[in-house]
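Peer 1: Pasting a structure here, questions to come.
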Amino acid sequence: MAKDKVRILLTGVGGQGTLTATKILAEAALDKGLHVTAGEIHGMAQRGGVVESAVLIGGYLSPKLGYGEADVLLGFEPLETLRALPYLASSGVVVSSSEPILPIGVSLGRERYPELADIETKTRQCAASAHFLPCLSLGRQAGTTQSANMVLLGALCALGLAPLSLEDLKTTMARRLKARFLEINNKAVELGAAAVKPA
């Protein structure tokens, strides 16, 4: 059963659709008649810049999240998931992409990207539970890697971490997304849901 009150932190890098996912999630809750507060915490929505936003459902007055307050962390990029862990409550759940988008410094050989196994280990030490999905690959399977953001939203709803069903999400997507993108994004939602369901 999904919680009636939930504080969700979304984090990624520019170009991943983090803010689009934030808007869809918030509007799906509004469409269902729930009290929603949402906002961008900080970051640049340009390609490569860090983007963090929050969706708080159930009567919260401010969209700001302090350290240890997020019930759910949606990580669109593994390193950004790692960086955002201080915001996660001890009882919080992480749903994250397992596929990195390398920062320019790493691509140029000036910096080193952490081992994914280390990111997962540190995440599991901080979270009550954690789910890592190959979001880019699942997005590509749906039709385009740009739909990886909807993979995460599908997983979120399938895990019951928000008071929204997959159908709630799809209904809002049908109203808010351009028709030519709808089929791909619906498939991405379904693939995300299937990725976290027990075999």
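Peer 1: Roughly how many Å² is the accessible area per residue of the chain, as a whole number, for a 1.4 Å probe? Spell out each step's value before the answer.
Peer 2: Numbers: 9440 Å² over 199 residues.
Heavy-atom accessible area per residue stands at 47 Å².
Peer 1: With each pseudo-label sitting 7 Å past Cα toward Cβ, what's the Arg176-Lys122 distance in nm, one decimal?
Peer 2: 3.1 nm
Peer 1: Report the one residue of Thr20, Leu82, Ala155 whose Cα lies farthest in the direction of the positive end of the charge dipole of the chain (charges on C-beta: Lys and Arg +1, Asp and Glu -1; origin at the Cα centre).
Peer 2: Result: Thr20.
Peer 1: Percent of accessible area on the chain owned by carbon and sulfur, 1.4 Å probe? Walk me through the numbers before you get to the answer.
Peer 2: Working: 4980 of 9440 Å².
About 53 percent, which is the carbon plus sulfur part of the accessible surface.
Peer 1: Using each residue's phi in the range 161-169, evaluate 6.51 cos²θ - 1.76 cosθ + 1.60 at θ = phi - 60° and report the 3J(HN,Hα) Karplus result to the nearest Hz, with x for Gly and Pro.
Peer 2: With coefficients 6.51, -1.76 and 1.60, one gets 8, 9, x, 9, 8, 4, 5, 4, 4 Hz.
Peer 1: Among all the aspartates and glutamates, which ones have a C-alpha under 17 Å from Lys170's C-alpha, if same-chain residues fewer than 8 places away are not counted?
Peer 2: Glu27, Asp31, Glu183, Glu190
Peer 1: Based on DSSP H runs of at least 4 residues, each adding -39500 (n - 2.57), what is the mean residue ellipticity at 222 nm of the chain after dividing by all its residues, to the nearest 500 deg cm²/dmol? Kindly include the intermediate steps, with their values, before the conclusion.
Peer 2: On the way: 8 runs with 84 residues, N = 199.
So the helix-based figure for the chain works out to -12500 deg cm²/dmol.
Peer 1: Also: Tell me, what ³J(HN,Hα) does each residue in the range 16-32 have, in order and in whole Hz, if you take phi through Karplus 6.51 cos²θ - 1.76 cosθ + 1.60 with θ = phi - 60° and put x for Gly and Pro?
Peer 2: 8, x, 4, 6, 4, 4, 4, 5, 5, 4, 5, 5, 5, 5, 4, 4, 8
Peer 1: Shifting gears a bit: Considering only DSSP beta bridges with both partners in the chain, what is the antiparallel share in %, to the nearest 5?
Peer 2: Beta bridges within the chain, antiparallel portion: roughly 50 percent.
Peer 1: Within the set Lys23/Lys178; Lys5/Lys122; Lys23/Lys122; Lys5/Lys187; Lys122/Lys187; Lys64/Lys197, which residue pairs have Cα atoms separated by over 24 Å?
Peer 2: Working: Lys23/Lys178 14 Å; Lys5/Lys122 26 Å; Lys23/Lys122 29 Å; Lys5/Lys187 28 Å; Lys122/Lys187 31 Å; Lys64/Lys197 31 Å.
Flagged as over cut-off: Lys5/Lys122; Lys23/Lys122; Lys5/Lys187; Lys122/Lys187; Lys64/Lys197.
Peer 1: Which order, highest average first, do 64-73, 140-149 follow once you tally other Cβ atoms within 10 Å for each residue and take the mean per peptide? Spell out each step's value before the answer.
Peer 2: Numbers: 64-73: 17.9, 140-149: 20.2.
By packing density, highest mean first, the sequence is 140-149, 64-73.
Peer 1: Can I ask one more? Collect residues whose amide H, placed 1.01 Å from N in the peptide plane, falls under 5 Å from the amide H of Val13; neighbours closer than 5 in sequence don't count.
Peer 2: Amide H to amide H, under 5 Å and 5 or more residues apart or across chains, Val13 pairs with Val51.
The values are calculated or read from the model by the stated rules, or taken from the named source; none is laboratory data. Since we're looking at a predicted model, the values are computed, not measured. Virtual Cβ from ideal backbone geometry, glycine too; neighbours counted across all protein chains shown. Note: accessible area is taken over every heavy atom of the protein model, side chains too, but ligands, DNA and RNA are not part of it. Shrake-Rupley method; radii C 1.70, N 1.55, O 1.52, S 1.80 Å.
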